[in-house]
1. What number, in percent, do you get for the relative contact order of segment 112-233 if the mean sequence gap of Cα pairs under 8 Å and at least 6 apart is divided by its residue count?
2. Run the lone-cysteine check on the chain: no other Cys C-beta under 4.7 Å from the residue's C-beta.
3. Run the dipole for segment 3-319 about the Cα centre, Lys and Arg Cβ at +1, Asp and Glu Cβ at -1, nothing else charged, and hand back the magnitude in debye, nearest 20.
4. Give a residue-ordered list of calculated ³J(HN,Hα) values for segment 147-160 (Karplus: 6.51 cos²θ - 1.76 cosθ + 1.60, θ = phi - 60°; whole Hz; x for Gly, Pro).
5. Set the Förster distance to 41 Å, then compute FRET efficiency between R99 and K45 from the Cβ-Cβ distance, nearest 0.05.
6. Show that you can apply the helix-only estimate: for the chain, add -39,500 (n - 2.57) for every DSSP H stretch of four or more residues, divide by all residues, and state [θ] at 222 nm to the nearest 500.
7. How much solvent-accessible surface does H306 expose, in Å² to the nearest 10, with a 1.4 Å probe and all protein chains in place?
8. Taking only protein heavy atoms into account and a 1.4 Å probe, give the accessible area per residue of segment 3-319 in Å².
Amino acid sequence: MKVREIEGLFDCNLHEIGKMADSMNDRVMFVVNRHINYTDVCVSKCPLCAFNNREGYLLAVDEVVERAREAYREGAAEVHIVGGHNPDVGIEYFEEIFRRIKQEMPDVVIKALTATEVYYYAKKERVSVREFLSRLKDAGLQAMPGGGAEILVDSVRKVICPNKCTSEEWLKVMRIAHELGIRSNATMLFGHVETIRHRAIHLYRLRKLQERTGGFISFIPLVFHPENTELKKKGIVQDKTDVADILKTIAVSRVVLDNFRSVRAYWVMLGEKLTEVAVRYGANDIDGTLMEEKITHAAGAETPTHLTVEKLVEIGKAAGKRVAQRDTFCNIVKWYT
Ligand code: V47
């Protein structure tokens, strides 16, 4: 599939492309998980982000492990650990956290560090990305979240995240992770300064890398929330994009990324009702219970920060799909049909 063809899909009638995407899915999945943000200190200060340096905190290793323990007690199958680019953090911090979580809770999957964090910390520690990831894998890292991808076009990155790694570097970190057997997700932050062509290039590049490595699990389109961000303060972006654009982007993603196991409707950004609709427009995953969420809420999200399993099942059923609880890698652990 060429970039031009992907661009063309965005010109389709919303309901037609939605129907095409919906026909690709026979189920909707979710995971029982917890988000843990180990720090909000970030030297990159992206204009797209409202989370960085709000409180200036760094959690101690014990505190991160305690949060994982709480999640474990509530039945979490995954902990999602991300933060920022904090100059006071070194590789040993992550090694200790991962080792301790794995020692105490061997069946909880550690999904941690975005490709941009990996790039930043490897550079800071003066080791190669391969060595950095190998050490973390030895300590217990099993998967990586898809954050930091934003839009994989450098002219757009210059505006929304000028100090983060380039698109080529983001893709390279993911390629190396996949080669090491660390599977990952991929996101796309949309609804800011990017054009449809930029979104098409982003999807094209992900599809190509997936053809090469097969290491991506899930694709998560993220709706840009402008509140408290530099992009809003500078008058570059005022409002969130509209519902039709969100649904079309999810539908096109499902069609283009047919080599990904799932395309997600992230309820934190969409709210419960739109998540249900998105499941009829190509999303086959509604993320997880989360237990806490800071990044989107710092940027004005008014959705809850925690949903129960019952609620997630209700959303999936209301969308008319078979509902399944999954693990990080999209293996089904329980059906709720
Ligand atoms: O990379 C930052 C985004 C991402 C804003 O892989 C914003 O399972 C909207 O990647 N408005 C982090 N978005 C979240 C993320 C994620 C979430 C859920 C699941 C997974 C997964 C990954 O949040 C960042 C950035 O793209 N973000 N600021 C904002 N103002």
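1. Numbers: 167 pairs, mean separation 33.9, N = 122.
This gives 28 percent for segment 112-233.
2. Taking the Cβ cut-off of 4.7 Å, the unpaired cysteines of the chain are C12, C42, C165, C330.
3. Values: 44 positive and 46 negative charges, 168 e Å.
Dipole about the Cα centre, nearest 20: 800 debye.
4. My calculation for segment 147-160 gives x, x, 6, 6, 10, 7, 9, 5, 5, 6, 4, 4, 8, 9 Hz in order.
5. Numbers: r = 31 Å, r/R0 = 0.76.
Once rounded, the FRET efficiency stands at 0.85.
6. On the way: 14 runs with 147 residues, N = 337.
It lands at -13000 deg cm²/dmol.
7. 80 Å²
8. On the way: 12190 Å² over 317 residues.
Value for segment 3-319: 38 Å² per residue.
The values are calculated or read from the model by the stated rules, or taken from the named source; none is laboratory data. Being a predicted model, the structure only gives us computed values, none of them experimental. Note: ideal-geometry Cβ built from the backbone for every residue, glycine included; neighbour counts use all protein chains shown. The accessibility values were calculated without ligands, DNA or RNA, using every heavy atom of the protein model including side chains. Shrake-Rupley method; radii C 1.70, N 1.55, O 1.52, S 1.80 Å.
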